[in-house]
Structures are given as C-alpha cells and as structure tokens.
1. Just the residues that are open to solvent by 60 Å² or more (accessible area, probe 1.4 Å) and assigned to a strand (DSSP E or B), please, taken from the stretch 341-400.
2. Please go through the stretch 186-195 and give me each residue that is at pLDDT 95 or above and either within 25 Å of Leu244 (Cα to Cα) or open to solvent by 40 Å² or more (accessible area, probe 1.4 Å) (or both), ordered by number.
3. Pull out all pairs, ordered by first then second residue, where Cβ-Cβ is under 6 Å, the residues are six or more apart or on different chains, the first lies in the stretch 178-195 and is at positive phi, and the second is open to solvent by 10 Å² or more (accessible area, probe 1.4 Å) and in a strand (DSSP E or B).
4. Residue pairs, Cβ under 6 Å, 6 or more apart or interchain, first in the stretch 68-91 and in contact (Cβ under 8 Å) with a residue 60 or more places away in the chain, second part of a helix (DSSP H, G or I) and open to solvent by 50 Å² or more (accessible area, probe 1.4 Å). List them.
5. Can you find a residue that is open to solvent by 40 Å² or more (accessible area, probe 1.4 Å), over 24 Å from Leu251 (Cβ atoms) and part of a helix (DSSP H, G or I) anywhere in the stretch 104-121?
6. Being open to solvent by 60 Å² or more (accessible area, probe 1.4 Å) and assigned to a strand (DSSP E or B) is the filter here, so list the residues in the stretch 160-185 that pass it.
7. Kindly check whether there is at least one residue in the stretch 144-156 that is touching a residue at least 12 places away in the same chain (Cβ under 8 Å), surrounded by fewer than 20 Cβ atoms within 10 Å (Cβ to Cβ) and under 19 Å from Glu95 (Cα atoms).
8. Name the single residue, out of those in the stretch 10-30 being in contact (Cβ under 8 Å) with a residue 24 or more places away in the chain and more than 20 Å from Leu277 (Cα to Cα), that is most open to solvent (accessible area, probe 1.4 Å).
Amino acid sequence: MGSGGREHALAWKLAQSKDCEELHAAPGNPGIARVGHCHPVRAEDGEGLLAFCGEHEIDLVVVGPEAPLVAGLADQLRHAGVAVFGPSAAAAQIEGSKLFAKEIMASAGVPTAERLLAARPPCVVKVDGLAAGKGVFVCRTQAELDAGLQAAGGRGDSLLIEELLEGEEVSIFAVCDGREAQPLAPARDFKRVGDGDIGPNTGGMGAYSPVPTIGPAEVDELLATVHQPVLNELARRGSPFVGLLYAGLMLTDSGPRVLEFNCRFGDPETQSIMPRLEGDLLELLHAAATGRLSGGVQTGHESAVTVVLAAPDYPERNDAGSPIDGVAEAEATGALVFHAGTAMRGDGLVTNGGRILNITGVGEDLAAARAASYEGVGRISFAGMRCRTDIAAAAEARVG
C-alpha cells in the first residue's frame with residue numbers, strides 16, 4: 001500500500017519471493033506496475049481496501065506510508081481477518097505523536113534528547129504530529145529559531161523543544177512481531193535539500209548503506225538499548241508493535257540518543273537497504289505479521305547508495321506533467337531506478353510529485369556504489385531536475 005519510492009523498493013523485493021503468486025499495489029506507481037498490478041484504491045480508503053482484499057484473496061498487506069497506520073487502517077484490516085505488516089493505531093502513535101514517543105522512552109529508559117522548557121538557540125523545534133518528514137527545525141541562531149517557530153506553529157500542532165544534539169546520524173530498522181525484533185542493515189539518510197546539509201528539511205534527498213562506523217555488534221547493542229525496551233513498554237501497555245520500528249539516532253560523544261521513532265520503513269533508506277537484503281522479504285514480513293518471527297536477517301557485503309531526483313521547487317512545491325527522459329538508459333548502466341513521484345501520460349513518463357525518482361547504485365564498496373548511482377543520475381533528465389551531489393561523499397572519503 002502506497003505510491004512512493006519506498007513502496008517501489010519493497011514491491012521490487014517482495015516480487016522476487018518464490019512464494020509471491022500475485023503482487024498488487026494500491027495505488028502503486030508506474031515503476032511498481034512493472035512488477036505487479038496497480039489499482040486506483042487510495043491507502044486511506046479502508047473500506048475500499050478491505051473489499052479489495054476479499055475480492056483478490058490477499059494473504060498479506062504491507063502498509064508503506066505512516067498516515068494510514070496512525071489512522072487505524074491496520075486495526076480495520078486485522079479485525080476482518082487480514083494479516084497486516086504494520087502497527088495498530090495505538091502502537092503507531094510512536095510516530096504519530098512525538099510527545100507520546102517521549103513518554104514511552106522515559107518509561108522504557110531509552111536515551112533521547114533532553115526536552116527543554118524554553119525555546120532558546122541552539123535547540124530543535126519539532127511538530128508533535130505527522131509532518132511527512134518536514135516537521136523538524138534545527139535552530140542554531142535566533143533568526144533560525146524565529147523562522148522555525150513560525151513554520152512549526154503554522155501547522156496547528158503542539159510543539160516540542162529539544163536540545164540540539166551533535167554527532168553522526170544513523171537509521172536502524174527492526175522488523176517486529178509484537179515481542180521480538182530483527183534488525184535490518186543500518187543506513188544513513190540526508191534530510192536537508194542542499195549540498196553540505198543546507199536548506200530546509202525534506203522527506204530525504206538520499207541514503208547509503210552500510211554505515212562504516214556501525215557493525216553487527218553495534219546494531220545488536222542498539223537493538224537491545226533502544227528497540228527492545230520500546231517493544232516491551234508498548235506490549236506492557238496492551239499495544240504490541242507489529243511492523244517496522246525505525247529509530248533515527250544521533251551517535252553523540254555521550255552515547256547514542258534517539259532523535260525520533262517512525263512506525264514504517266524509511267524513505268529513501270529502504271531503497272538502499274532492500275538491494276543488500278539477502279533471503280526472502282515476503283517470508284520475513286509474513287512471519288512478523290503472524291507472530292512467528294525467528295532467526296536472523298542476512299545482509300550482503302555489497303554497498304548501496306541512493307540519490308533522490310526532485311522537482312525544481314521541492315520541498316516548497318511539487319511538479320506535475322513534465323516529461324522524464326533517460327530511465328531506460330540509467331537502468332542499462334546497472335542502476336536501480338525506483339519511482340517516487342511519477343505518472344504515465346499516454347506512453348510517456350511524467351513527473352507527479354516532489355521527489356520524482358530514486359537512483360540506487362550497488363557496488364563492492366561505497367565508492368563503487370556511489371559512482372554507479374551518479375552514473376545513472378547522469379542519464380536522466382526532466383525540467384528543473386535537482387539532486388544533491390554529495391550523497392555518501394564523506395563516508396566514501398572516510399573508508400577510502
């Protein structure tokens with residue numbers, strides 16, 4: 001369920017399963033249509049999706065975006081007997097409300113940024129509710145704080161003021177069945193729109209995996225100190241978390257601190273994690289959805305780098321109807337092209353969103369993966385196309 005680059009990457013991997021007899025997407029996109037069947041049913045249309053599941057005898061629903069989960073779609077489907085990979089509305093509040101997440105972390109003893117009583121720079125201003133990845137304002141100066149408070153206040157939600165943490169960011173995803181958690185490969189994403197991490201926050205302008213400083217031992221330690229206590233606390237409250245628990249972390253000099261939790265796969269980190277995942281994603285997600293999670297998740301030794309191609313005025317405005325050229329040429333180089341905001345106009349592919357395409361390169365190391373990604377980027381064009389040119393550059397230099 002969903003229509004973005006994350007959903008295309010998930011569909012691409014799910015379709016490779018030996019057990020995948022049919023793959024359907026609601027509503028999907030032109031990229032997903034190459035590996036499955038797309039249907040004009042919105043992710044927010046619970047009744048329509050329920051009827052669709054009955055008509056097509058769906059065995060598993062995988063929910064991509066967060067808004068339907070927070071609204072209770074998984075509850076509606078489960079109540080009708082449909083297996084769902086995605087948390088209940090109560091458990092999805094871990095993303096739906098940052099204030100709720102703070103309460104859960106305090107009860108579970110999970111390290112996080114300190115909440116501030118007054119807004120003074122440096123600090124971070126966060127919108128309490130869902131904001132499509134654009135509700136966080138890093139304020140190092142009074143001018144940035146004034147602008148952040150104005151932008152955040154205009155959304156009408158409660159605000160959270162936190163200390164500004166410094167360090168390296170990392171995203172750790174864990175597949176959960178309500179009790180147990182299995183981690184996926186760590187990744188790092190790039191939120192700011194411009195090179196050098198300047199400009200406004202976006203839904204994400206690129207990602208890479210692995211993260212050189214985070215090995216298997218570090219992942220296991222983070223799972224034990226962050227994800228598992230939150231799982232235990234949610235279960236204790238009668239809201240077991242079934243789905244993908246995503247922790248955005250800052251690795252500070254004083255240890256890891258949670259920046260945020262999300263209740264679904266991250267975008268665009270998923271586009272870098274899926275090509276590295278070994279084994280059967282469908283089997284893994286179905287086991288989690290049915291409470292039978294066991295064993296470990298295997299990740300290949302190759303690296304992956306994803307670059308987002310965005311509309312000229314993103315994140316302020318989307319773009320629709322501009323012809324897109326070069327996708328086949330990019331794929332011919334070996335790059336994976338995941339559709340994020342595209343549509344078909346006749347026989348031609350056109351823009352239909354803010355983040356238009358995600359280009360993922362895979363290679364033996366980050367340098368090779370980065371080169372493969374940007375080679376694919378160089379083959380694609382549409383009016384006003386923009387992207388960051390520094391995705392994974394610092395990590396490549398560090399390991400080089």
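1. Result: Met344, Arg345, Asn352, Arg386.
2. Pass one, the stretch 186-195, residues at pLDDT 95 or above: 186-190, 193-195.
Residues satisfying the conditions are Pro186, Ala187, Arg188, Asp189, Phe190, Asp195.
3. Gly178/Val242
4. Listed by first residue and then by second, the contacts come to Val84/Arg78; Ser88/Asp75.
5. No, the stretch 104-121 contains no residue that is open to solvent by 40 Å² or more (accessible area, probe 1.4 Å), over 24 Å from Leu251 (Cβ atoms) and part of a helix (DSSP H, G or I).
6. Glu169
7. Kept after step one, since they are touching a residue at least 12 places away in the same chain (Cβ under 8 Å), are these residues of the stretch 144-156: 144-145, 148-149, 151-152, 155.
With the extra rule that they be surrounded by fewer than 20 Cβ atoms within 10 Å (Cβ to Cβ), the set shrinks to 144, 149, 151, 155.
Remaining after also requiring under 19 Å from Glu95 (Cα atoms): 155.
Looking through the stretch 144-156, at least one residue is touching a residue at least 12 places away in the same chain (Cβ under 8 Å), surrounded by fewer than 20 Cβ atoms within 10 Å (Cβ to Cβ) and under 19 Å from Glu95 (Cα atoms).
8. Here is the first cut: in the stretch 10-30, the ones in contact (Cβ under 8 Å) with a residue 24 or more places away in the chain are 10-14, 16-20, 22, 24-30.
Subsequent filtering for residues that are more than 20 Å from Leu277 (Cα to Cα) retains 22, 24-30.
Values: Glu22: 120, His24: 44, Ala25: 10, Ala26: 10, Pro27: 48, Gly28: 13, Asn29: 10, Pro30: 27 Å².
Among residues in the stretch 10-30 that are in contact (Cβ under 8 Å) with a residue 24 or more places away in the chain and more than 20 Å from Leu277 (Cα to Cα), the one most open to solvent (accessible area, probe 1.4 Å) is Glu22.
The values are calculated or read from the model by the stated rules, or taken from the named source; none is laboratory data. Bear in mind the structure is a predicted one, so any value in this text is a computation, not a measurement. In this analysis, Cβ positions are derived from the backbone assuming ideal geometry, glycine residues included, and neighbour counts consider all displayed protein chains. Remember, those area values only see protein heavy atoms, side chains included, never the ligands or the DNA or RNA. Shrake-Rupley method; radii C 1.70, N 1.55, O 1.52, S 1.80 Å.
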